[in-house]
Amino acid sequence: MRRDIFQAIADPTRRSIITLIALQSMTPNAIAANFDTTRQSISKHLRILTECEIIKQEQQGREIYYSLQIEKMKEIDKWLNQFREIWKTAFNQLDDVLLTMKNQKK
């Protein structure tokens, strides 16, 4: 089954993993040390994030390091931006209504 990026970020553990590796690459054991769950569970989350191309793995000697694929995160941001525009318009309209109401009271 092919997952999309939004299914990948739907899980709170996967979002936490993304946050962890956003600043630096980490090994699976280093990632797992931040969670109260099994190493196998973290491996499953890493596999899903890798399948969705949110993270990439890189072999360095005997260790595998996971790092964030920032381009995929931009895809999420692009999708969210349409809602930012809607909210911005709605808040601007609300500001106009409140200003009109305030001026009418004077």
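The values are calculated or read from the model by the stated rules, or taken from the named source; none is laboratory data. These numbers were taken from a predicted model, which means no experiment stands behind them. Heads up, the Cβs are rebuilt from the backbone with ideal geometry, glycines too, and the neighbour counts pull from every protein chain shown. Heavy atoms of the whole protein, side chains included, go into the accessibility calculation; ligands, DNA and RNA do not. Shrake-Rupley method; radii C 1.70, N 1.55, O 1.52, S 1.80 Å.
Remarks
- Here's how it looks for I55: its modeled amide H is under 5 Å from those of T50, Q69, which are all 5 or more places away or on a different chain.
- Among the GluC sites (Glu not before Pro) found in the stretch 18-97, those both in a DSSP coil and sparsely packed, with 15 or fewer other Cβ atoms within 10 Å of their Cβ, are E53.
- Across the protein chains, with a 1.4 Å probe defining accessible surface, the residues D96, D4 rank D96, D4 from largest area downward.
- Measuring with a 1.4 angstrom probe and ignoring ligands and nucleic acids, L20 comes out at about 50 Å² accessible.
- Each of S16 and R47 was given a label point 7 Å from its Cα along the Cα-to-Cβ line. The distance between the two points is 2.0 nm.
- Subtracting the Cα-Cα distance of D4 and Q59 from their residue separation scaled by 0.36 nm leaves 17.3 nm.
- R0 of 35 Å, Cβ-Cβ distance N34-R84: FRET efficiency to nearest 0.05: 0.70
- Normalised by the number of residues in the chain, the mean separation of alpha-carbon contacts (under 8 Å, six or more apart) gives a relative contact order of 26 percent.
- Relative to the longest principal axis of the Cα atoms of the chain, helix 12-21 runs at roughly 80 degrees.
- Helix-derived mean residue ellipticity, 222 nm - over the chain, DSSP H n ≥ 4, -39500 (n - 2.57), to 500: -21000 deg cm²/dmol
- Per-residue surface analysis assigns K72 an accessible area of about 50 Å², computed on protein heavy atoms at 1.4 Å probe radius.
- Subtracting the Cα-Cα distance of I70 and L94 from 0.36 nm times their residue separation leaves 5.2 nm of extension gain.
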